[in-house]
Each structure stands twice: as structure tokens, then as C-alpha cells.
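K.L.:
This is the structure I want to talk about, given as C-alpha cells.
The values are calculated or read from the model by the stated rules, or taken from the named source; none is laboratory data. In this text the structure is predicted, and so the values were computed from the model without any measurement. Cβ placement follows ideal geometry from the backbone for every residue including glycine, while neighbour counts extend to all protein chains displayed. Calculation scope for accessible area: heavy atoms of the full protein, side chains included, ligands and nucleic acids excluded. Shrake-Rupley method; radii C 1.70, N 1.55, O 1.52, S 1.80 Å.
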Amino acid sequence: MGAVTSKTIVITGASDGIGAAAARALVADGHQVVVVGRDPAKTAAVADELGAERHVADFSRLDDVRALAAALAAAHPRIDVLANNAGGIRGPRQLTPDGHEVTFQVNHLAPFLLTNLLLETLLASSAAVVTTSSMASRGARLDLDDLEMARGYAPFRAYGASKLANVLFTRELHRRFHERGLASAAFHPGVVATSFGGKDGPAVTRLYGTALARAVFSSPDRGGSRLVRLAEGTPGVDWASGQYWVGGRVGRTSPQADDPEAARRLWEASAAMVGLA
Ligand SMILES: NC(=O)c1ccc[n+]([C@@H]2O[C@H](COP(=O)([O-])OP(=O)(O)OC[C@H]3O[C@@H](n4cnc5c(N)ncnc54)[C@H](OP(=O)(O)O)[C@@H]3O)[C@@H](O)[C@H]2O)c1
């Protein structure tokens, strides 16, 4: 990787886990990191520790995403990296106040909206949009006629589909905007001992926050280092745009991730759902 120059890097989900670890490492490397979290106290704790700008937004409310985008665009004429990292898994099927299945909204629709609302700034900055997907995308399939799983919902199914949506979003972002200087990447951070699953996820995901998980799984620092590598790297030199990464390599994911028509349809449906169409 070439010499690292200081970048402005916005990280969502930076109040905990992989995002917080990446924020610490990037600040240590001299970058200006903007910490975005959901919980005000956790977000303030990380931002205070790093002396960083902070924003609070709950992605289960699209108006929070709109306000976040407006604040970021007003404060930053230049954003070199947008790291769409916030996300998680939920329990029984629930709708957000916006009327969308919550996993699909928090993990896909909200970063889709944030990225689109920041597009002018991102294009002017020749930015990279780095999205934290998961190996859960590999066995997933998106039903393009039932994106919000009105039928056949199960927490892990919804999670895997939302992480496949992250890869399709990355592909379509590349197809639409790479010629204008934007780069995109999705990645799997590893199986990482974090609060992933939180209090709302299926019981089994609470294992991720236990001492056993800390002994067996990757550390948040290790998971965060995969985000750092993409954020600090130069697209086209250190990594190719439009791909899904596992470590330093293009990873295997669902065959549907290679279907350009699925990527296009997901984009158009998402734009309609968030009022951009
Ligand atoms: N851990 C793993 O093994 C693993 C594997 C593959 C992919 N991932 C992905 O990695 C990303 C980070 O997860 P993590 O493992 O670091 O879990 P984590 O420690 O629980 O961190 C999740 C982050 O996302 C934020 N977040 C969750 N729901 C949100 C909402 N409704 N609105 C705004 N922000 C929200 C949290 O904010 P607050 O803390 O402020 O609530 C927190 O900062 C997620 O996209 C996850 O799907 C994790």
C-alpha cells in the first residue's frame, strides 16, 4: 500500500465494535474521523476519546438519516471515505416508523439513502464508499418481489439478505458512478466478538459478546483492520472498485451478487422506498 495521506472518513456504527475499533486505528494514523452512532452516550464516549466530531442518528428513522446527511454535507465539502458500517440483526419481524422491515431498513435502506444524499460531496471528493457486509451474504437470496420479507421472514434470513443487498448496492454504485471517480467496496470483517445482535437480536447472537467469543472469534481490532485497509487504500491501486472483499482478496458471495439486473432492480426499488425516485 502507498503512503497514507490524511483523509476525512465518516464511519457509521462507530460507537461500538468494528466501527469504533476502525475509528481508533484511523485517528492513530492521522485521519480526520467523523464518528456516527445511535446511542448518544456511547457515541460521545468514543468521540471524546478520539477528539472527533460526532453525530447521532437512529437508522430505523429515515428522518434521522436525512438530518445526518444534511449536517455532514454542511460541515464537510470533502469526504474521502464514507464507511457504511452500522447494522445488526433483529428478532421477530418488525416495521420501522417509516413502514419498512427493520433489518432491511437499518442495514440497507438507511446507508442507501445516506450515500445518495451525500452523492454530490462524494463525487466532488472522488470518494470511496465502503460498506460492511458479511459472509452471511453468501448463502442468501433476495426476493426482488418481496424485499421486506412479508413472507417467510426469519431473523438470519433477513440479515443475510440485507448483507447481500450491501454487495448489490456496492456493485450498482460502481456501475453508475465509477466513471465519475467514485469507488465502492463491500467487505466481510470476519466473525468478530462484538455486541452484534445486541438486546434485540436472536438469543444465539448474544454469544458474540461473551468471554468465550472473545477467546475464539476475531477481535474488533482485527475486524476493524479490514475496514481500515479499504479506507486507507487507493482504489484502483490497492483494491478494485465494485467488489466484495474478504481479507485482502475478492471473496465468494451469493451468485445473485453477479446479476446486474438484480442490482439495478434493488437500486430502483430502494430509491422509491426512500422517496428518491
Ligand atoms: N460481529 C461480526 O461477527 C460481524 C460479522 C459480519 C458483519 N458484521 C457487520 O459489522 C457491522 C458492525 O457490527 P459489529 O459487529 O461491530 O456490532 P456492534 O458492536 O453491535 O456495533 C454495531 C454498530 O451499529 C450501530 N447501530 C446498530 N443499529 C443501529 C441503528 N438502528 N441506527 C444507527 N446505528 C445503529 C450501533 O450503534 P449503538 O451502539 O450506538 O447503538 C453500533 O455502533 C454490522 O453491519 C454487522 O452486520 C459483523
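K.L.:
Run down A213, A186 and say which single residue is in a helix (DSSP H, G or I) and in contact with a helix residue (DSSP H, G or I) (Cβ under 9 Å, 6 or more places away or on another chain).
P.N.:
Of the residues listed, the single one that is in a helix (DSSP H, G or I) and in contact with a helix residue (DSSP H, G or I) (Cβ under 9 Å, 6 or more places away or on another chain) is A213.
K.L.:
Is one or more of the residues making up region 119-135 over 25 Å from A67 (Cβ atoms), within 11 Å of the ligand (Cβ to nearest atom), small (G, A, S) and within 12 Å of the chain's Cα centre (by Cα)?
P.N.:
Looking for residues that are over 25 Å from A67 (Cβ atoms), within 11 Å of the ligand (Cβ to nearest atom), small (G, A, S) and within 12 Å of the chain's Cα centre (by Cα), one finds at least one in region 119-135, hence yes.
K.L.:
Of everything in region 113-164, what is in a loop (DSSP other than H, G, I, E, B), surrounded by fewer than 24 Cβ atoms within 10 Å (Cβ to Cβ) and hydroxyl-bearing (S, T, Y)? Give them in sequence order.
P.N.:
If the condition is that a residue be in a loop (DSSP other than H, G, I, E, B), surrounded by fewer than 24 Cβ atoms within 10 Å (Cβ to Cβ) and hydroxyl-bearing (S, T, Y), then S125, S126, Y153 are the ones that fit.
K.L.:
Restricting the search to region 213-232, which residues are over 18 Å from G13 (Cα atoms), within 11 Å of the ligand (Cβ to nearest atom) and aliphatic (A, V, I, L, M)?
P.N.:
A213
K.L.:
While we're on this one: Of the conditions (1) surrounded by 21 or more Cβ atoms within 10 Å (Cβ to Cβ); (2) over 27 Å from A25 (Cα atoms), G91 satisfies every one except a single condition; which number is it?
P.N.:
(1)
K.L.:
Does N85 count as open to solvent by less than 10 Å² (accessible area, probe 1.4 Å), touching a Gly at 6+ places or on another chain (Cβ under 7 Å), within 29 Å of G197 (Cβ to Cβ) and within 9 Å of the ligand (Cβ to nearest atom)?
P.N.:
Judged against the criteria, N85 is not a match.
K.L.:
Go through the residues of region 168-176 one by one and say whether even a single one is of a type outside the set (V, I, T), under 13 Å from the mean Cα position of the chain (by Cα), within 12 Å of the ligand (Cβ to nearest atom) and closer than 17 Å to Q105 by Cβ.
P.N.:
no
K.L.:
Right, another one. Got a sec? Which of H108, H76 is within 12 Å of the ligand (Cβ to nearest atom), open to solvent by less than 40 Å² (accessible area, probe 1.4 Å) and touching a residue at least 60 places away in the same chain (Cβ under 8 Å)?
P.N.:
Going through H108, H76 in turn, just one is within 12 Å of the ligand (Cβ to nearest atom), open to solvent by less than 40 Å² (accessible area, probe 1.4 Å) and touching a residue at least 60 places away in the same chain (Cβ under 8 Å): H108.
K.L.:
Also, quick follow-up: G275 versus (1) assigned to a helix (DSSP H, G or I); (2) closer than 23 Å to Q105 by Cα; (3) open to solvent by 50 Å² or more (accessible area, probe 1.4 Å): which is the lone unmet condition?
P.N.:
The one condition G275 does not meet is (1).
K.L.:
Where the second residue is of a type in the set (S, T, N, Q) and modelled with pLDDT of 95 or more and the first is farther than 16 Å from S60 by Cβ and more than 10 Å from the ligand (Cβ to nearest atom) and lies in region 12-41, which pairs have Cβ atoms under 8 Å and are six or more apart or on separate chains?
P.N.:
From region 12-41, the pairs are A25/S225; G30/S6; H31/S6; H31/T8; Q32/S6; Q32/T8; V34/T8.
K.L.:
Look through T205, T253, T194, T210 and report the one residue that is within 15 Å of the ligand (Cβ to nearest atom), free of Cβ contacts under 8 Å to residues at least 24 places away in the same chain and either open to solvent by less than 40 Å² (accessible area, probe 1.4 Å) or not aromatic (F, W, Y) (or both).
P.N.:
Of T205, T253, T194, T210, the one residue that is within 15 Å of the ligand (Cβ to nearest atom), free of Cβ contacts under 8 Å to residues at least 24 places away in the same chain and either open to solvent by less than 40 Å² (accessible area, probe 1.4 Å) or not aromatic (F, W, Y) (or both) is T210.
K.L.:
Looking at region 159-178, I want the residues that are farther than 13 Å from S133 by Cβ and have a partner that is aromatic (F, W, Y) and away from the ligand (no atom under 13 Å from the Cβ) with Cβ atoms under 7 Å, at least 6 apart or on another chain. Which pairs are those?
P.N.:
Listed by first residue and then by second, the contacts come to E172/W267.
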